[in-house]
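Here is the structure we will look at, set down as structure tokens.
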Amino acid sequence: MPARFTSLYEKLELWLLKGGLWVHGLVFLALCAFALSVQSIASFQSAEWRLYDAGVRTLRRMSTPPLANEVVVIGIDEATFRQFPEPFALWHPHLGRLLQALLQAQPSVVGVDVVLPAKSYETVVPGIDRALMLPILEARDRMPLVFAQTLDEQLRPRPIFAGYTALMEPWQLASALLCWDEDGVVRRQQSSLCSAQGRNQGLAARMAQRLQVPERGHGLIDFRRGAAMHYIPMHEVLARFERGDVDGLRDWFQGKPVLVGLVLPLEDRLKVPAPLFAQEPDNSRIPGVMVHAQLLRALLNQGLLKQVSQPLEWLLIVACCLCWFGYGLKKNIVYWSLFLLIPIACLYVLWLGHVLMPAGMILAAKTAYVSRQALESRRLSHHRKRLTQAFAGHVSPAMLNNILHSRSSAPSAELVPRQTAGAVLVIRLHLEDAGTLSGQAHRLDALAVFYDAVKDTVEHAGGMLDRLHGQEVSAWFGIPVPLPAPEQAALEAALQLQRSFAVWSRPITAAGLHIKVSMGLAAGPLLSGQVSIRGAYPFVVMGQAIEQAEQLAAAPPEGRDMTVRVSRAIGEAVAFKGIGQTGTAASYHELVWE
């Protein structure tokens, strides 16, 4: 079973490395499917919302233009609690006086984010219910007044003492519920976690309705606009009311929407995308009454933020998957430009009042780019492995490294056969016959010395050495790495072998063997490249120059230990003065040593 999976993996890898229209098309479709399916993962959605929150904070840092319709918040803070000794449940007289003060101030609408009692406290403090009921009755026809109502465990409106509700119109009760997303952040008027708000409309939406603001529908609360919120402490409002400072009250509240609620450090705090509380500029957990105020701000001004349609978002994600196609410097420039432009474009769309999530597009672009980079890296590794198999042992390590890493001088990307001008050097070693076993051992030692000398010389001249065939070695110049003058390089290698003959032949003659060397040099067009033979990729060189060099080297030296015969093309290319005409019809020349 493991062998079967290994074979399947190798076939799949070769299929991917081969490439082609079908391969790239299928991989592109797979990337699109992955990028679209990941949108439904909760952790990914959380990452999307974090990027959205960062965008909101960025826009707020850049600019917070004033709003045409501002909201005033009356805060019941710690200082207010210190002013009144009664428990908060018995604050009926204080809330009643606050409503009387607001009646004199003439606000456009008042929302009270304080839940009214579910029962009467008349038996505890006689006359306490009346202290709140009379101001409610007075405000009935003079001031739009909306009270918050919470929900019970079954998401039904929690009951309020009938003595209060009997004095109200049905529209004066609204839901105090604020809905948060899966990560606990309040971003929208209504989320999937609280799709049922009971029979009552939200507090901010009901206040906007009383101001005859058109229905805004569902959407995201606009946290981009509006300055950081301040509040007026409740006890200061009551202090002006007790002094009879009606002008001061009207200066604060006249013609403005007003919200009343708790402003405490640890109670009724909600997390929002950006800090809004002026006294806590680095804290994104703000009092709930301020979240209602920000929602009311949005409803009274530009409205809620709308997310772009899902088909358009999917289309943009698919477009980002196009980063799979292409490879190279231009592709890298396009990708990194896109990687930077996506957040900027989404930030601009948010500035315009719409929400386009960048996380899906960034993930699609990055996945497609990294996948293509991985494929091309694997192709390069596979290609270098083939090159190493073809050239290791035949060229110098420096030249092999040049072949593997230099795009300018290496063969083509797929090593397809191609025709190149080059030169061929064939060297043949002639040894005395050694029929005994010890003679054969000396012959092998001699061949090893001969091959090492030829290998060092050819590599130094920039050529490629073929394997040892019997007593003959072939070398190519200008292949696989082009040389400016392959003919001269081949001739220099032959001359170096001749000059060092006395050195490298000494161990052979010391073993009692007499050697002679004949060399043949020819130049001309050579066809070279890799061929695939059952998983192997040998490097093959073909051309008439090879046969000509072999013929020149085949004849044994006449009267000398070393003979170098060069073709007419070599002689004309190097114009060497030491070359003398010897062959029939000047088909080749022979070096003459003085």
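Assorted remarks:
- Boolean, E122 is open to solvent by 30 Å² or more (accessible area, probe 1.4 Å), in the same structural domain as A204 (by the TED database), under 60 Å from the mean Cα position of the chain (by Cα) and of a type in the set (D, E): no
- Residue list for the stretch 311-329, filter: under 18 Å from P343 (Cα atoms) and without any contact (Cβ under 8 Å) to a residue 60 or more places away in the chain: L312, E313, L315, L316, A319, C323
- Residue in the stretch 212-222 that is touching a Pro at 6+ places or on another chain (Cβ under 6 Å), open to solvent by 10 Å² or more (accessible area, probe 1.4 Å) and among the polar types (S, T, N, Q) present: no
- Just so you know, in the stretch 470-502 the residues that are over 60 Å from the mean Cα position of the chain (by Cα) and touching a residue at least 12 places away in the same chain (Cβ under 8 Å) include one that is least open to solvent (accessible area, probe 1.4 Å), and it is F501.
- Elements of type helices (runs of 4 or more DSSP H) in the stretch 486-594, at least 1 residues being modelled with pLDDT of 80 or more and in contact with a Gly (Cβ under 7 Å, 6 or more places away or on another chain): 486-499, 544-554, 568-574
- Restricting attention to the stretch 63-114, the residues that are assigned to a helix (DSSP H, G or I) and on the phi > 0 side of the Ramachandran plot total 0.
- From the options P66, P87, P135, residue that is without any contact (Cβ under 8 Å) to a residue 60 or more places away in the chain and open to solvent by 70 Å² or more (accessible area, probe 1.4 Å): P87
- Subset of the stretch 253-267 [buried (at least 18 other Cβ atoms within 10 Å of the Cβ) and part of a loop (DSSP other than H, G, I, E, B)]: V263
- Q45 modelled with pLDDT of 90 or more and either of a type in the set (V, I, T) or open to solvent by 60 Å² or more (accessible area, probe 1.4 Å) (or both): no
- Across the stretch 128-166, the qualifying residues are those that are assigned to a helix (DSSP H, G or I) and among the small types (G, A, S), and the one among them that is nearest to P87 (Cα to Cα) is A131.
The values are calculated or read from the model by the stated rules, or taken from the named source; none is laboratory data. Source: prediction; values computed, not measured. Positions of Cβ are backbone-derived with ideal geometry, glycine not excepted, and every protein chain shown enters the neighbour counts. The protein model used for the area step is the full one, side chains on, heavy atoms only, and it has no ligands, DNA or RNA in it. Shrake-Rupley method; radii C 1.70, N 1.55, O 1.52, S 1.80 Å.
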